[in-house]
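Worksheet: one structure, shown below.
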Amino acid sequence: MASGLLDAAIDQAVQSTFETYFFLEAIIAQGEAPPSTQAAWTFSIDFRGPLSGSLLISLSAETARGLVDVLPLSAEGHEEETIRDVFAEVTNTIAGRIVAALAGDQFAFDLSIPECSFGRRSTSSAESHVFQTDCGNLEVCLIQLDSAKIRQGA
Amino acid sequence: MPQKILIVDDSRTSRPFIQQALEIAGLADAEFHQAANGHEALSKLQADGPFTMMVTDINMPGKGGIELIHDIKSLAIGEMKIIVISSTQSTIRDAALKEMGVLEVLEKPINMPKIIKIFAPFKAGA
């Protein structure tokens, strides 16, 4: 697997998305993410095309609230709904940027509708990328990726 | 004549952002309507039309943006400028959309300079 290309695609997608959505930096955290028993939001999206797989993004409730508070949204009192909505969009955008970086823009991809859940974080055998933001950390990982078709030599 | 614009996006938080971007781009005097998916958009187009412009997401539950555009073309729901906003980049898909008459395909999140350039011709008095 061209792990360098994969890592770079994930890192760049997350960082650029956070800059443009939240005007915040998402800095790559060094070292492994500590196992957490804290309840967390998990957003997932599937992509199908020349490459197929799933993207998972996990962040604590506190981090999610902090990031949503950064946005100029009207306070309508629907915090949970707003968090779901905002991070579904963020997950969608990050996934789109990752597949474009890995496979190029000459192909068409299908993205699923992002799904979300809230509860105890589930561990994944896939390697997580952990990012630090001013509002807390988030974990991003790609799973079930068909790596045989990752574009070489980006 | 002011524009009548339909914004189609399943994200409740994205729709006001898109409207705000269009207002900043010079369409502050437009009449804006919103829909959360392709089904709702189609109903609004038929009930509240004609619209001069539609800005639509692609990835939406139920009826997505591409299916919506196909339906609009096959039902011949008036002349309308269509702009697509998408999380994914695909030159093949974008070429096909432009063949269908889509004016422009923009990447999410919205890039203001690009929005201003695309919508400048539609400002009142332009």
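The values are calculated or read from the model by the stated rules, or taken from the named source; none is laboratory data. For clarity, every value in this text was computed on a predicted model and none was experimentally measured. As a convention, Cβ positions derive from the backbone with ideal geometry for all residues, glycine included, and neighbour counts pool all protein chains shown. Quick note on the areas: whole protein, heavy atoms, side chains included, nothing else; ligands and nucleic acids left out. Shrake-Rupley method; radii C 1.70, N 1.55, O 1.52, S 1.80 Å.
Given a 1.4 Å probe and no ligands, DNA or RNA in the count, how much accessible surface is buried by B and A, both sides, to the nearest 100 Å²? Before the final figure, lay out the partial values.
Values: alone 6710 and 8530 Å², together 13380 Å².
What B and A bury together is about 1900 Å².
Rounded, prolate or oblate: which fits the range B:1-52 when a ≥ b ≥ c are the square roots of the eigenvalues of the alpha-carbon gyration tensor, with rounded for a/c under 1.5 and prolate only if a/b beats b/c?
Oblate, since a/c reaches 1.5 and b/c is not below a/b.
Given the protein chains as shown and a 1.4 Å probe, how many square angstrom of B:Lys108 are accessible, to the nearest 10?
10 Å²
Estimate the FRET efficiency between A:Glu19 and B:Ala95 by the formula 1/(1 + (r/R0)^6), using the beta-carbon distance for r and 45 Å for R0, to the nearest 0.05.
0.95
Antiparallel versus total DSSP beta bridges in the protein assembly as shown: what percent is that, nearest 5?
Of the beta bridges lying entirely in the protein assembly as shown, close to 60 percent run antiparallel.
Applying 1/(1 + (r/R0)^6) with R0 = 30 Å to the Cβ-Cβ distance of A:Ile28 and A:Glu62, what FRET efficiency is obtained, to the nearest 0.05?
After rounding to 0.05, the efficiency reads 0.90.
From largest to smallest, what semi-axes in whole angstrom does the protein assembly as shown give when each is the square root of 5 times an eigenvalue of its alpha carbon gyration tensor?
33, 22, 17
Quantify how strongly other chains surround peptide B:105-113 by giving the mean number of their Cβ atoms within 10 Å of each of its Cβ atoms. It would help to have the intermediate numbers written out before the result.
On the way: counts 0, 0, 6, 9, 8, 1, 1, 0, 0.
Average per residue, whole number: 3.
Run lengths n ≥ 4 of DSSP H only: what is the helix-derived mean residue ellipticity at 222 nm for the protein assembly as shown, with -39500 (n - 2.57) per run over all residues, to the nearest 500? Spell out each step's value before the answer.
On the way: 8 runs with 103 residues, N = 280.
About -11500 deg cm²/dmol.
Beyond 19 Å between alpha-carbons counts as too far, so tell me which of B:Lys4/B:Lys108; B:Lys44/B:Lys108; B:Lys4/B:Lys44; B:Lys44/B:Lys73; B:Lys98/B:Lys123; B:Lys81/B:Lys123 fall in that bin.
With Cα atoms farther than 19 Å apart: B:Lys4/B:Lys108; B:Lys44/B:Lys108; B:Lys98/B:Lys123.
State in Å² the accessible area per residue of the range B:12-60; use a 1.4 Å probe, count heavy atoms of protein chains only, and round to the nearest integer.
On a per-residue basis, 40 Å².
Taking every residue in B:12-18, how many Cβ atoms of other protein chains lie within 10 Å of its Cβ, on average?
Per residue, the average neighbour count from other chains is 5.
Any idea how far the Cα center of the range A:83-113 sits from the one of the range B:93-126, in Å?
Here the answer is 20 Å between Cα centres.
Starting from the range B:28-106, pick out the GluC sites (Glu not before Pro) whose DSSP state is loop and whose Cβ has at most 15 other Cβ atoms within 10 Å.
Passing both the DSSP loop test and the Cβ count: B:Glu79.
What is the average number of partner chain Cβ atoms found within 10 Å of a Cβ in A:80-93?
Numbers: counts 0, 2, 2, 1, 3, 5, 4, 0, 5, 12, 3, 1, 10, 6.
Whole-number average of other-chain Cβ neighbours for A:80-93 is 4.
Might you report the magnitude of the Cβ-based charge dipole of the range A:40-110 about its Cα centre, with Lys and Arg at +1 and Asp and Glu at -1, to the nearest 20 debye?
Computed about the Cα centre, the dipole is about 340 debye.
Would you kindly find the accessible area of B:His33, with a 1.4 Å probe and non-protein molecules such as ligands, DNA and RNA excluded, rounding to the nearest 10 Å²?
Spelled out: B:His33, probe radius 1.4 Å, area about 40 Å².
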